[in-house]
Amino acid sequence: MHDDFHMTLNSESQQKKQPKPLLDFTDTEPWFVPKQIWTYWALYYPVTWHGWAVIILIFAPLVVIFLLFAATGVSWVLVVARFLPFLLIGLIIFNATTLKRGQWPSWWKRRKQ
């Protein structure tokens, strides 16, 4: 009986002392917050380190790809034409991430289900 008491005390104290994992994606804190542009547009900006990491992981490769295309010495029209598919894919991924992990814009009305 005495050992059971110490085991429950130790397990409770260990639960309180355990730090939050660095890569814990279960929290409900939004990574991005929208800013209203015109009437219906939203421009998302990061508010946590998770959001900044997403920005870097999406847009740093886009910059590198653009610079690689620009270094080929072809015309700028061809560089932009080759880069546009990569940019569109990056923007689609960014938009999906902001809608999944960001705040819903208050000026957008949600459909009642």
Subject >> Evaluation of Phe86 against (1) within 23 Å of Lys35 (Cβ to Cβ); (2) modelled with pLDDT of 95 or more; (3) surrounded by 12 or more Cβ atoms within 10 Å (Cβ to Cβ) (one fails), failing number >> reply: (1)
**OP:** Kindly indicate whether Gly51 is among the small types (Gly, Ala, Ser), surrounded by 13 or more Cβ atoms within 10 Å (Cβ to Cβ) and at pLDDT 95 or above.
**Re:** no
**OP:** Check segment 32-47 and report whether any residue there is among the hydroxyl-bearing types (Ser, Thr, Tyr) and touching a Gly at 6+ places or on another chain (Cβ under 7 Å).
**Re:** yes
**OP:** Select from segment 94-109 the residues that are part of a helix (DSSP H, G or I) and out of contact with any helix residue (DSSP H, G or I) (no Cβ under 6 Å at 6 or more places or on another chain) and list them in ascending order.
**Re:** Asn95, Ala96, Thr98, Leu99, Lys100, Arg101
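The values are calculated or read from the model by the stated rules, or taken from the named source; none is laboratory data. Fair warning: this is a prediction, and the values are worked out from it, not measured in the lab. So basically every Cβ, Gly included, is an ideal-geometry build from the backbone, and we count neighbours across all protein chains shown.
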